[in-house]
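Nothing in this text is a laboratory measurement; each read-out follows from the coordinates by a stated rule. Because the structure is predicted, anything quoted here is derived from the model rather than measured. Because the Cβ atoms are built from the backbone with ideal geometry, glycine has one as well, and the counts that use them run over all protein chains shown.
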Amino acid sequence: MDIELREEDLAFQQEVRDFLQQHAPKNSSELWSKRNDWFKALKEKGWDCPKWPVEFGGPGWSPVQHFIWDKETCAYSLPPELPFGKVMLAPILMRYGSKEQIERFLPDIRDNKVNWCQGYSEPGAGSDLASLKTKAELSADGKEYTVNGTKIWTTMGHMAQWMFCLTRTQSTGVRQEGITFLLINMKTPGITVKPIFTLGGSHHVNQVFFDNVKVPVENRIGEEGKGWTYAKGLLQHERSGIAGISRTIVALDKLKKNARAVPGGGPTLLHDRGLLSRIAEAEIELGAPEFAELRSLADAQHTGEPGPASSILKLKGTEMQQRMQELTIEAAGIYGLNQGFKEAGPKFSKMGMMLYLNGRAATVYGGCRGRQKDVIAKRVLGLVDA
């Protein structure tokens, strides 16, 4: 999809390109050796927290400028940055946190001094998050909570210093009204983190156990029992990030480039009618999510949250991610079975199977397909009984 940019947007696009040309790592080894230089350059430019409001140090970009930034940066291999602090928790702190909490946590989030993880899903409470059972009991003197229970699929929990966590403080009445949002120091006695190895063979998710973990009441965000309201806003930010529309567009461009370099199909793999047809279908389908992304960015600018359009993005975006992974495996042929352990076949096939296996979860985490369709039916289409 081509968006007609105004003169000021074209100037911003060129500014972004010049910045990336000057500061982005030039090769894979620089991803780590130049990591600190990259984040320093971002902060000096005022672009280290692009989606933050101006009053909290953000750049004040328009939705189109956000769209340009995402699209241009996805063309580069940049040092990875976990979304849990800056993208997910920060907006909740800004909107619902106390002045003391904002002053305590936001500076370290901005400077990447603290790693955060998310304590939402539990065994038996994933997309049906309101079924969570991890319990937080307030002490008689009202000074601290005692947390017991477990969280699962906790991404990078083994490297996190803090967790934002949904806990149950009331078991009667409407399930959503008994949930409280706590910030938990992962070094607190009683916390155990156990690894979970994925189909792709990697370790990035965990199960976290809480055994009489003490959490000061000042680590509670907002009111007790209102955590569901805060969690919904956070999930909208998460879903927008998971969608990865710009990354998928870049992946499609790379697939075409790779297929053009592989013999076969007369004269290259890109000339294979079957593969070419599926690539064309994917390219056409990516147009609608791009517009949905702009809509979500516009909602976020006006309301502080991406809105229900984030569910459209998450639903279609993750499906398209999986489509690209499947097409990459198909293009690699027999070498698609390789999981990166041996150099064999075209270079792009090396990590294809690992990405494919890990990518199967994309349509589940952050809310499964069915949950996103429920949100779309109720909040986008207005189907009350859906």
Next on the checklist: Restricting to DSSP loop positions (anything but H, G, I, E, B) with no more than 15 other Cβ atoms inside 10 Å of their own Cβ, which GluC sites (Glu not before Pro) remain in region 73-103?
Outcome noted: Glu81
Checklist entry - Longest exposed-loop-site-free stretch of the chain, with trypsin sites (Lys or Arg not before Pro), DSSP loop and at most 11 other Cβ within 10 Å? => result 188-341
Item to check | Dipole magnitude (debye, nearest 20) for region 7-81, charges at Cβ of Lys, Arg, Asp, Glu | outcome: 360 debye
Checklist outcome for this item: For the chain, the longest principal axis of the Cα atoms and the Cα long axis of helix 273-285 enclose an angle in degrees, to the nearest 10, of 40 degrees
Checklist outcome for this item: In the neighbourhood of Val262 defined by beta carbon distances under 14 Å, the net charge of the other residues (Lys, Arg +1; Asp, Glu -1) is +4
Checklist entry - Among all lysine pairs in region 244-380 that are eight or more places apart or on different chains, how many have alpha carbons less than 18 angstrom apart? => result 11
Checklist entry - Helix 35-45: angle to the longest alpha-carbon principal axis of the chain, degrees 0 to 90, nearest 10? => result 80 degrees
Item to check | With Cα atoms, 0 to 90° folded angle of helix 7-23 axis to the chain main axis | outcome: 90 degrees
Checklist entry - Between Met159 and Lys254, what is the FRET efficiency for a Förster distance of 25 Å, r being their Cβ-Cβ separation, to the nearest 0.05? => result 0.30
Checklist entry - Per the helix-only calculation at 222 nm, which mean residue ellipticity applies to the chain, given -39500 (n - 2.57) for every DSSP H run of n ≥ 4 and division by its residues, nearest 500 deg cm²/dmol? => result -13500 deg cm²/dmol
Checklist entry - By a straight-distance test (C-alpha under 22 Å), which lysines pair with Lys113 as possible cross-link partners, with residues fewer than eight away in the same chain excluded? => result Lys34, Lys40, Lys43, Lys45, Lys51, Lys86, Lys99, Lys187
Checklist entry - Exactly which GluC sites (Glu not before Pro) in region 1-51 are in a DSSP loop and have at most 10 other Cβ atoms within 10 Å? => result Glu4
Checklist entry - If you place +1 on the Cβ of every Lys and Arg and -1 on the Cβ of every Asp and Glu, how big does the dipole about the Cα centre of the chain come out, in debye to the nearest 20? => result 960 debye
Checklist outcome for this item: Relative contact order as a percentage, the chain, C-alpha pairs under 8 Å and 6+ apart, gives 13 percent
